[in-house]
Amino acid sequence: MLLHFPVPLRRKQAWKVLETAQATGKVRSIGVSNYTIRHLEEMTHYARVLPAVNQVEIHVFLQQPELLRYCAERNIIVEAYSPLAHARDMNEPVIQGLAATYQKTYAQIMVKWCLQKGLIVLPKSVTPSRIRENIELFDFELTKQDMQQLAQLDKNLRTCWSP
């Protein structure tokens, strides 16, 4: 169960309720969504249990490396929502080139980047062909050089609400 976003004045109380739900066996795991390092640091002052997961917007154009490091150091799993950046900038030459090289789609390269970063990926689609495409990611690996090229595409592009 996740707290959807860090509501000022309510997040401490809401987290305590989730801790109680977990302690009484009503939920197995508890986590947060849209929490920044600042929000997670604040939690260390009142939480008995740190979140198991932090669900945040992450994609090639919004990589949030500091947040990823912070969460990794604390064993907080990161879920990447909007891994396709809401189809913004779908003509990026580096991604197009990799898609051609691997005979994959542009979207598959973006999702594969997330998977190779160790993220849980939440691509959204209701189109059967795109759902299949989201699954067909395990027959190739991006090279270290490919990942380095993609790292250069980070431009702090938020396509969703900013915490």
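The values are calculated or read from the model by the stated rules, or taken from the named source; none is laboratory data. Note that the structure is predicted; figures quoted are calculated from it, not measured. Every residue, glycine as well, gets a Cβ built from its backbone with ideal geometry; the counts of neighbours run over all protein chains shown. Areas reflect the complete protein model, heavy atoms only, side chains present, ligands, DNA and RNA absent. Shrake-Rupley method; radii C 1.70, N 1.55, O 1.52, S 1.80 Å.
Numbers below:
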read-out: Normalised per residue, the volume of the convex hull around the Cα set of the stretch 55-123 (Å³); value: 75
read-out: Fraction of beta bridges assigned by DSSP in the chain that are antiparallel (%, nearest 5); value: 10
read-out: Heavy atoms of Phe5: accessible area, 1.4 Å probe, square angstrom to 10; value: 90
read-out: Linear extension gain, Ile135 paired with Leu115, 0.36 nm per residue minus alpha-carbon span; value: 6.1 nm
read-out: Surface/4 estimate of mean projected area, convex hull on alpha-carbon atoms of the stretch 1-81, nm²; value: 5.1
read-out: Cα centre as origin, Lys/Arg/Asp/Glu Cβ charges: the stretch 66-163 dipole, Debye; value: 200
read-out: log₁₀ of I(q)/I(0) at q = 0.16, 0.17 Å⁻¹ - the chain, Debye sum with one point per alpha carbon; value: -0.92, -1.00
read-out: Computed magnitude of the charge dipole of the stretch 26-67 (debye, nearest 20; Cβ of K, R +1, Cβ of D, E -1); value: 320
read-out: Average accessible surface area per residue within the chain, 1.4 Å rolling probe, Å²; value: 57
read-out: Top positive-direction residue, dipole computed over the chain with Cβ charges, set Pro8, Leu119, Gln152; value: Pro8
read-out: Dipole of the stretch 32-89, positive end: most advanced residue of Val32, Gln64, Ala87 [Cβ charges, Cα centre]; value: Val32
read-out: Apportionment of accessible area to carbon and sulfur, the stretch 29-145, percent (1.4 Å); value: 53
read-out: Mean separation of Cα contacts under 8 Å (6+ apart) over length of the chain, as relative contact order %; value: 23
read-out: Entries in Lys104/Lys144; Lys117/Lys144; Lys26/Lys112; Lys112/Lys155; Lys112/Lys144; Lys104/Lys124 that, when Cα-Cα distance is taken, lie over 23 Å; value: Lys26/Lys112
read-out: Cα long-axis angle, helix 106-116 against the chain (0 to 90 degrees, to the nearest 10); value: 50
read-out: Ordering of 86-95, 50-59, 110-119 by packing [mean C-beta count within 10 Å, highest first]; value: 50-59, 110-119, 86-95
read-out: Nearest-ten-degree value, helix 93-102 long axis tilted from longest Cα axis of the chain; value: 70
read-out: Candidates Ser33, Ser82, Ser129: whichever shows maximal mean-square fluctuation once the chain is modelled as a Gaussian network with Cα springs under 10 Å; value: Ser129
read-out: Estimated distance in nm for a label pair at Asn91 and Ala21, the labels positioned 7 Å out from Cα along Cα-to-Cβ; value: 4.4
read-out: Per-bin percent of Cα-Cα distances, the stretch 95-156 [10 Å]; value: 20, 57, 22, 1
